[in-house]
Amino acid sequence: MNLPNKGSLNVPRGPLGLMYRVYKYVLPGVKRELEGWRREAERIPDEELRTQAIASMTSKQFHCQGGAIYAVINLPMRQVLISLIVAFQTISDYLDNLCDRSTSLDPQDFRMLHQSMLDAVDPAAPLHDYYAYRNEKEDNGYLVKLVQTCQKSIAELPSYGLVADAVRSLVGLYCDLQVYKHIRPELREQALLDWWAEHSANYPDLTWNEFSAATGSTLGMFMLFAAASDRNLDRRRVEGIKSAYFPYVCGLHILLDYLIDQEEDRVGGDLNFCFYYADMEETIRRIAYVAEQAKEGTSKLEDAAFHRMVIEGLLALYLSDPKVKDQPVVRQISRNLMKDSTISRLFFWINSLVIRKTS
C-alpha cells in the first residue's frame with residue numbers, strides 16, 4: 001500500500017478500505033499497547049488500584065479498539081495516534097472504574113483523579129498528586145506513566161496548537177460529568193441539573209440527560225487528535241469538527257452505551273441517562289433524533305463518508321452487543337433503530353461480531 005507523506009491525510013472512503021486498515025493496523029496496534037499497560041498494571045502494589053486497572057482493560061478493551069479507529073486517518077502517524085488514544089482511553093476507563101466502585105464519595109477526590117486527564121492533554125502541564133484525597137495511593141507510577149505517554153504523543157502532533165483549546169474544553173466537560181455523576185446518589189441528579197442550567201442555552205434541542213451523555217464521550221477528543229496529525233490543518237476545520245462531534249456524535253455514542261447497560265446499572269444502582277426517558281417510544285425517538293443530527297452535522301465535514309461510517313459503526317457496535325439479547329425492551333429498541341439499516345451498517349454489524357469473538 002502506498003502511504004502519503006507524514007502529516008498528510010489519506011482517509012478511507014468505504015467500509016472495505018476502513019476495515020482493512022482496522023484489521024491490519026488498528027487491532028494489532030491496540031493489542032500491543034494494552035499488553036504493555038497490563039504489564040504495568042500488574043505491578044501496582046495497592047490491591048484495589050491494581051484490581052481496577054486490570055479490570056478496566058479486561059472489560060473495556062473495545063473502547064480502545066473503537067477509539068483507535070481514528071488512527072486510520074493518517075497511517076504514517078498511526079503509532080503516535082494509537083499510543084495516544086489507548087493511553088488516554090485507559091486513563092478514562094481506569095478512573096471510571098475507580099469512581100464507579102469507589103471507596104470514596106468525595107468530589108474533591110474525583111476532581112483530583114480527573115486532573116490527570118487535563119494534564120494528559122497539555123504537554124507543558126506539571127504532574128499532580130492524583131491520589132491526594134483517597135486512601136489508596138501506591139500505583140508504582142501507573143497513572144503518571146499514562147499521563148506522560150499522552151503528553152509525549154501530543155508533542156509529536158504537528159498541529160496540536162490549533163486543537164488544544166477545543167480538546168481542553170471537551171476534557172473539562174468530561175471531568176465535570178465524572179465528578180457530578182459519582183457523588184452521593186441523593187445529590188448527583190441535582191448537581192447534574194445545576195450544571196445543565198449553566199449550558200442549556202447553548203443546546204436548546206437537547207434534554208439535560210442527553211447533554212450529560214454527550215459530555216461522557218471521548219470521540220470528539222480522538223477526532224481532534226487525528227486532525228492535529230495533519231500539518232495542513234486550519235482553524236475552520238477545527239471548529240467544524242468540534243461542532244459536528246459535540247454534542248451529537250458524542251451524544252449518540254454514550255446514549256447507545258447507556259442503552260445496552262440499563263439492566264446492569266439497575267442492578268448496580270448506577271446512574272443511567274436512558275432511565276430518564278418516559279418509555280420505549282421516547283427512547284427510540286430521541287436516540288434516532290440524535291443519530292440524524294450526527295449524520296447531518298458530519299455531512300458538512302471534509303471526508304464526510306468517513307464520519308458517516310463512524311456513526312454507522314457505532315450503531316452496529318453497540319446494538320450487536322451480547323447484552324442486547326438479554327433485555328427484551330432494549331432488544332425491541334435495537335430492532336427499531338436498525339430496521340432501515342444501510343448495507344455499511346450491516347457490514348459493520350458482522351465485523352463487530354467477528355472482532356468480539358477474536359479479541
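Taken along the Cα-to-beta-carbon direction at a fixed 7 Å, the label points for S59 and R168 span 3.4 nm.
Using a Gaussian network model of the chain with C-alpha springs under 10 Å, which one of R266, R111, R38 is most mobile by mean-square fluctuation? The residue with the greatest mean-square fluctuation here is R266. With the simple spin-label model, which puts each label point 7 Å out from Cα in the Cβ direction, the K152 to Q332 separation comes to 5.3 nm. Say we join alpha carbon atoms closer than 10 Å with springs in a Gaussian network model of the chain; which of G313, G17, G172 then has the biggest fluctuation? Among G313, G17, G172, the largest mean-square fluctuation in the Gaussian network model of the chain belongs to G17. Segment T207..Q190, full-extension length gain: 4.7 nm, with 0.36 nm per residue of separation and the alpha-carbon distance subtracted.
For the range 1-157, the fraction of 1.4 Å probe accessible surface lying on carbon and sulfur atoms is 49 percent.
Can you list which of the DSSP-assigned H helices in the chain have a Cα extent of 30 Å or more along the long axis and an average Kyte-Doolittle score of at least 0.5? The answer, listed by residue number, is 78-100. With contributions of -39500 (n - 2.57) from each DSSP H run of at least four residues, the per-residue ellipticity at 222 nm computed over the chain stands at -21500 deg cm²/dmol. In this calculation the C-beta distance from V267 to E42 is compared with R0 = 25 Å, giving a FRET efficiency of 0.30. The residues of the range 1-156 expose on average 42 square angstrom of accessible surface per residue, using a 1.4 Å probe on protein heavy atoms. Projecting label points 7 angstrom from Cα along Cα→Cβ for N232 and N140 puts them 4.6 nm apart. Extension gain for L105-V11 works out to 29.5 nm (0.36 nm per residue, less the C-alpha to C-alpha distance).
The calculated FRET efficiency for D129 paired with A304, based on their beta-carbon distance and R0 = 56 Å, is about 0.80.
Note on the chain: GNM, Cα springs under 10 Å; of H128, H63, H114, the largest mean-square fluctuation is that of H128. Classification of the range 133-282 by its C-alpha gyration tensor yields an oblate form. The axis ratio a/c (a ≥ b ≥ c) is 1.5 or more, and b/c is at least a/b.
The values are calculated or read from the model by the stated rules, or taken from the named source; none is laboratory data. Computed from a predicted structure; not experimentally measured. Glycine also receives a Cβ, built like all others from the backbone with ideal geometry; neighbour counts cover every protein chain displayed. These area figures cover heavy atoms from the full protein model, side chains too; ligands, DNA and RNA do not enter into them. Shrake-Rupley method; radii C 1.70, N 1.55, O 1.52, S 1.80 Å.
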